Amino acid sequence: MKLDLDPDRLFPVDPATRDVARALYAGVAALPILSPHGHVDPSILQADDPFGNPAELLIRYDHYVTRLMHAAGVQLTELGIPDRLSNAPVASPREAWRTFCAHWHLYAGTASGYWLEHEFSVLFGIDRHPDAGNADALFDLIQAALTTEAFRPRALFDQFGIEVLATTDDPMDDLAVHRALVADATFSGRVLPTFRPDAYLNPAAAAFTQNVARLAEWNGTAPASYEGYIEALAGRRRYFVDHGAVSADHGVLQPLAVDLSASEAAALFARARSGSLSPAETTAFAGHMLLEMARMSVDDGLVMTVHPGVSRNHHTDTFQRFGADTGHDIPVTTTYVDPLRPLLEKYGNLPDFHLVLFAVDETVYSREVAPLAGFYPSVYIGAPWWFLDAPDAVLRFRASVTETAGFYRGSGFIDDTRAFLSIPARHDMARRLDATFLARLVREGRINEQAAERIIVDLVDALPRKVFKL
Amino acid sequence: MKLDLDPDRLFPVDPATRDVARALYAGVAALPILSPHGHVDPSILQADDPFGNPAELLIRYDHYVTRLMHAAGVQLTELGIPDRLSNAPVASPREAWRTFCAHWHLYAGTASGYWLEHEFSVLFGIDRHPDAGNADALFDLIQAALTTEAFRPRALFDQFGIEVLATTDDPMDDLAVHRALVADATFSGRVLPTFRPDAYLNPAAAAFTQNVARLAEWNGTAPASYEGYIEALAGRRRYFVDHGAVSADHGVLQPLAVDLSASEAAALFARARSGSLSPAETTAFAGHMLLEMARMSVDDGLVMTVHPGVSRNHHTDTFQRFGADTGHDIPVTTTYVDPLRPLLEKYGNLPDFHLVLFAVDETVYSREVAPLAGFYPSVYIGAPWWFLDAPDAVLRFRASVTETAGFYRGSGFIDDTRAFLSIPARHDMARRLDATFLARLVREGRINEQAAERIIVDLVDALPRKVFKL
Amino acid sequence: MKLDLDPDRLFPVDPATRDVARALYAGVAALPILSPHGHVDPSILQADDPFGNPAELLIRYDHYVTRLMHAAGVQLTELGIPDRLSNAPVASPREAWRTFCAHWHLYAGTASGYWLEHEFSVLFGIDRHPDAGNADALFDLIQAALTTEAFRPRALFDQFGIEVLATTDDPMDDLAVHRALVADATFSGRVLPTFRPDAYLNPAAAAFTQNVARLAEWNGTAPASYEGYIEALAGRRRYFVDHGAVSADHGVLQPLAVDLSASEAAALFARARSGSLSPAETTAFAGHMLLEMARMSVDDGLVMTVHPGVSRNHHTDTFQRFGADTGHDIPVTTTYVDPLRPLLEKYGNLPDFHLVLFAVDETVYSREVAPLAGFYPSVYIGAPWWFLDAPDAVLRFRASVTETAGFYRGSGFIDDTRAFLSIPARHDMARRLDATFLARLVREGRINEQAAERIIVDLVDALPRKVFKL
């Protein structure tokens, strides 16, 4: 089946509206990519080694891709993921790739299918849809491309037009890779670390006690000292700021902030280290630390991003065999208005404090997130994330928030990806959808075309720069 | 007012997109009807008697239809439904029909209005909308048609192109009707029973204790024996399997699975029979039995369908006077991720176990159901059900689940109807909407037309066959 | 930038569908305005004084407008709102207006921006979008218009074609203004009071005890008497009925009805007056009083409107400095099915009882409100309110409720505004959107054009007259 990327893809089907969208898109298609939050490993840019093989690059680590094959009955070992609890044979990259190509029809209409199609066509010049028959030829074609200079990570970084790329990093990471990239005169891209402290804040995290000990050791204070713990977190944040970080990211089940006194917090902290907190106390302490993170963001200027609402590792057996990020993180009902109130009461009105609220429960957009962002100068609406990072979901998002909060309370597009090759496809998709949404409003007489031309440039460029203090 | 069925109904308004939809629909319009879940009484097919009269056939038992007139102030007795608590006069079929025709404008834009219009036009050749003036003439016209051979149930079954029709049956039903249909050489349709054990599993059901006793008697075990109870349920399921059943259906308020030990369950069972469980214990036992049903499905292969989220018989006085299924079952907030987890932890990864999750709270589609079905090989996304079984709701559904789960994790269309005459209208509607949704994606450059042609055939034919093991 | 109101604004972009919408709209564009719920101060009509200045008229009191500037970092004092806790300078009207014009781009795509654009163009003949450069000129232009006879409140009332305008009033208001308007032979408009008793029913209201005392004093009964309290409320409702009121409005966090015995209620009432109720008891008493209000509506015929789901005054500091209605009322998750059940069990089936259910959590439309209104003759679906009173939200609403409840279970459009000048813009918007929604259904072959012509007139005229007993 022919693969033929439609130059008008994602534009409205009505011809006159499509014309408007095409013109709006043209004004932003070539703007540099700002990626203030994502999960690319910075060492691939430091080393600049060729990528390994098609399966490792496009399948093995992309749980958006592996999950649909898993749902179709494919074992994760058949996709090259080893089973920690058995000696089950693990497919070779070529075998995994064949399995993927044979299941390509599963991706029709999905976000992953859309991005992969873009990558196949634009990056590799592929003009046939994958199938069982052409799997080997496609593997060889991509493999051959990956050995060329043009497909080295830094060359792609330039070709993609990436101006800023933020990574996501452990608070105790020494950021040597980021330092090396800054020091490297042959690389001019901005690669920024992001402070991601979940496992240091939530006593339910597996390594909480060890993480607390690592913080204390670095800080030269006693592991039992709550003051030392707070001081160490502030210190590590400062370390990240000194290495170019602009934001701290928080993955929480619910966006709960709890205002404990220092003595209450210290008492819980002591028992948290010994693992003796009740579930309610664990939640309270983690909520308290979210509030502490907001306080520190007010102090050090790091943008606070919150990614709530995902029940992680839903299938325990799969988690034990294959680890985290293997496709069974599932969204749950989320609410922001009451849980976040202690935080917003304290810091919500401070305009230099930036709080970006993401969501995977799309009911919150019109009900909670847009109204909050339409009042609090600190609150920005995070771009649709994860399962919602797809054309129809993005347009639903825009329609849900714009009438309440306008265009200037959003975060700008966030790719949030670990799939380096998908970055241009994702940003291009976002720009097309902005054009599509604006074109409809133009044609419905709700904004004029001149205003739309300004707005789309602001959405792509000015907003992420401002919100993430780039 | 003229009734003139638009051959392009439900297709997109944009001309070029409409052309694509029309072509896609043409490829599936005449495919046989697979109806793996519904509420048609099989004895109408066994007896093959003429239908009684228009009011009984189209109004009296269709609570989608009676409810809107009730909301407009019409008494249910005026629609032919007797009041068990009073001697209020009950309208004759002709009087009920007149009332319906006088209220026909209430159905504009509704799903019921759409189906009835299809039936009036296609089945009866009616070319005027019902109104007070033509009520008697329409009654006579339909009544006359019902007396012809062509309107006998079996003739309609053939004319409708029904290949498979599943009924919904009590676990203690002897299935004599189904047996008779199989044995009848003059009838070639497949009419399959479905195991529907709610009133045998939930101690809150009115007849729970009697139902348990009936199971025990059949099984030859003591009513007090929990082991006998479990054994009898498995035995009745096997009986249904032996009579062609492919699925077991579960109507629950919330899709809660609870993993009790056998001794805990037995203890609750003992007290359930005496009616002494607390509400929490009732919920726990019913949740345990949902998990037991999953275990048995793994054993006997019956597809497990779950229809959660409806608060039944909301208005007690109406329930007491007119019985169940009289229009006041109302959806409530539903969630699947945590409640179903014990079941999915145990059986979710087994590909031969099929679990179809329906919903009437449409917020769960993008948030929970599509993500679950996009990972667990056992989980399939139930077609939009009940209040959501209508054009705009179906398109919202498709847009909510496809980007996450693709096209191959759905159940295929389920008509779920007790209105035999509406079956072709409903399946035709579903096919038109599939064409409409796919046509938009084709025109937005997200799938190509060749892929869409394959997908729509799979949606209509391959998926229900696979999911329901037909 | 040119401001040029599109005569086809809000109509569908597809040309043939747009034609249908345009024709449908033409049939209702000039119908009189029925506004059965809103917040206009009736004394402006009694006094008929010229409006003060552009900032006071269009910005200062419109928290939809101030909130987006506040989110952009503008202090409320800069918009002319005094800070009760400081002597911070307060901007003059002209300064506030300049600030607004400089931030005009924030309103692109919002409901407020749409209404203001309509007002600027239609009322004032302005043909340029506001900006920092033309702020003073626009201020002067509007100010000059406001001094003319044509811009007096009564002249605008006539020019707008308002037939009925309901206000919202305190239960102890003597309604002298309403009486004076009725007595004034030079004013022929109907201006009706609305009974709004929240602060007299909910013990959590700041002035509850004083309000109870005021009721008792008026009634000549002891403040401690629960019977007297109930009698006084019924008496004040009667007083409102005698002054033309057609409805009683209830703003509640959750739509909870609680059925207490008179003795239980009296016991809680006694402790409510002394402020010693627990939160749960407060909720129970307020829920009981909601049920009492329904009972009284059955008696006195006042339509019962319920506006649930808003967390008021989310930012305490802003509330203390600037008061209520300053932009930080935020919607929360709402549910109706279980909480309202005691009320619907008792009164839901009475067709002369009218209960209009509004929502700001749009998930309830398809799940709960449409199904309830599709059965209970008392229940009507409130028009989308507050954050949902905008084009895309309104179309989502229509698509969510119509397939279940048809067109005849809605309240008709409710402007709910305190911005007098926005009334025609809002009703015009609603009529355009009704035309847009119906036109799509016509073109999709779901209703015929003749039916649509009748429906749109009913939506604009017959329904609000019937639902609000005008």
For label points placed 7 Å from Cα toward Cβ, what is the shortest-first list of nm distances from residue A:2 to its copies?
-> 4.2, 4.2
Cβ-vector label at 7 Å, residue B:19, separations to other copies in nm | 1.8, 1.8
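If you average over every viewing direction, what projected area does the convex hull of the Cα atoms of segment B:324-470 give, in nm²?
Values: hull surface 38.5 nm².
Answer in nm², one decimal: 9.6.
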The summed charge of the residue A:267 Cβ neighbourhood (under 14 Å; Lys/Arg +1, Asp/Glu -1) stands at -1
Loop-resident sites, segment A:73-114, for trypsin sites (Lys or Arg not before Pro), counting at most 15 other Cβ within 10 Å (DSSP) | A:84
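Quick test of the membrane-span-like rule: which DSSP H helices of chain C reach at least 15 Å along their long axis (C-alpha atoms) with mean Kyte hydropathy at least 0.5? Let's see the in-between values first.
Values: long enough: C:15-26 (16 Å, -0.08); C:135-146 (16 Å, 1.28); C:208-219 (16 Å, -0.48); C:226-242 (24 Å, -0.58); C:262-273 (16 Å, 0.34); C:279-300 (31 Å, 0.07); C:391-405 (21 Å, 0.04); C:423-443 (30 Å, -0.14).
Qualifying helices, which must be both long enough and hydrophobic enough, are C:135-146.
For segment A:154-467, what number results from the quotient of the Cα radius of gyration and 2.2 N^0.38 Å?
Working: Rg = 20.2 Å, N = 314, 2.2 N^0.38 = 19.6 Å.
Dividing the Cα Rg of segment A:154-467 by 2.2 N^0.38 Å gives 1.03.
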Over chain B, what is the percentage of antiparallel beta bridges among all DSSP beta bridges, to the nearest 5?
-> 10
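Kirkwood Rh over Cα pairs of segment B:50-151 into Stokes-Einstein at 20 °C, 1.002 mPa s: D in µm²/s?
Diffusion coefficient, whole number: 155 µm²/s.
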Over the Cα atoms of segment B:170-241, what Rg and Dmax result, in angstrom?
-> 14.1, 45
Solvent accessible area, Å² - residue C:319, 1.4 Å probe, full protein context = 80
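Could you give the dipole magnitude of chain A about its Cα centre, charging the beta-carbon of Lys and Arg +1 and that of Asp and Glu -1, in debye to the nearest 20?
Values: 41 positive and 60 negative charges, 97 e Å.
Dipole size: approximately 460 debye.
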At a probe radius of 1.4 Å, what is the per-residue accessible area of residue A:395, in Å² to the nearest 10?
-> 50
Answer check: segment B:289-352, Cα atoms, Kirkwood Rh, Rg/Rh ratio of 1.14
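Roughly how crowded by other chains is peptide B:437-447, in terms of the mean Cβ count from those chains within 10 Å of each of its Cβ atoms? Show your work: numbers first, answer last.
Working: counts 2, 2, 1, 3, 4, 2, 8, 12, 11, 12, 7.
Across B:437-447, the average partner-chain Cβ count within 10 Å equals 6.
Under 37 °C and 0.692 mPa s, how fast does segment C:105-209 diffuse according to Stokes-Einstein, given a Kirkwood radius computed over C-alpha pairs? Answer in µm²/s, whole number.
Details: Rh = 17.4 Å.
The calculation lands on 189 µm²/s.
Mind giving me the FRET efficiency for residue C:4 and residue C:56? R0 is 35 Å, r the Cβ-Cβ distance, nearest 0.05 is fine. Let's see the in-between values first.
Details: r = 28 Å, r/R0 = 0.79.
Working from the Cβ atoms, E equals 0.80.
What whole-number value in Å² describes the accessible area per residue of chain C for a 1.4 Å probe? Could the numbers behind the result be given before it?
Details: 15470 Å² over 470 residues.
That works out to 33 Å² per residue.
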Could you look at chain A and say what percent of its accessible area is carbon and sulfur, using a 1.4 Å probe and all protein chains?
-> 54
With the charge dipole of the protein assembly as shown built from beta-carbon charges (+1 for Lys and Arg, -1 for Asp and Glu) about the Cα centre, the Cα from A:309, C:111, B:20 projecting farthest to the positive end belongs to A:309
With θ set to phi - 60° and the Karplus curve 6.51 cos²θ - 1.76 cosθ + 1.60, what are the ³J(HN,Hα) couplings of segment A:364-374 in order, to the nearest whole Hz, using x for Gly and Pro?
-> 6, 4, 7, 7, 10, 5, 5, x, 5, 5, x
In nm, one decimal, shortest first: how far is the label point of residue B:324 (7 Å from Cα along Cα to beta carbon) from the matching points in the other copies?
-> 4.6, 4.6
Counting DSSP beta bridges with both ends in the protein assembly as shown, the antiparallel % (nearest 5) = 10
CD proxy, 222 nm, the protein assembly as shown: helix-only mean residue ellipticity via -39,500 (n - 2.57) per DSSP H run with n ≥ 4, per residue, nearest 500, stands at -13000 deg cm²/dmol
Would you mind working out the magnitude of the charge dipole of the protein assembly as shown relative to its Cα centre, with +1 at each Lys and Arg C-beta and -1 at each Asp and Glu C-beta, to the nearest 20 Debye?
-> 220
When Rg is the radius of gyration of the Cα atoms in the protein assembly as shown and Rh is its Kirkwood radius, what does Rg/Rh come to?
-> 0.95
To the nearest 10 square angstrom, what accessible area does residue A:352 show with a 1.4 Å probe?
-> 120
Eligible aspartates and glutamates near residue B:469 by straight Cα distance, threshold 20 Å, same-chain separation 8 or greater = B:163, B:169, B:242, B:249, B:299, B:300, B:352, B:415, B:416, B:458, B:461
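What order do B:172, B:293 take when sorted by accessible area (1.4 Å probe), most exposed first? Write out the running numbers ahead of the final one.
Values: B:172 35, B:293 0 Å².
Order by accessible area, largest first: B:172, B:293.
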Projected label distance in nm at residue B:147 and residue C:174, using a 7 Å step from Cα toward the beta-carbon | 7.6
Measuring from label point to label point, each 7 Å out along Cα→Cβ, what is the residue B:122 to residue A:465 span in nm?
-> 5.8
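The values are calculated or read from the model by the stated rules, or taken from the named source; none is laboratory data. No experiment lies behind these values; they were computed from the predicted model shown. FYI the Cβ positions are ideal-geometry reconstructions off the backbone, even for glycines, and counts take in every protein chain you see. These area figures cover heavy atoms from the full protein model, side chains too; ligands, DNA and RNA do not enter into them. Shrake-Rupley method; radii C 1.70, N 1.55, O 1.52, S 1.80 Å.
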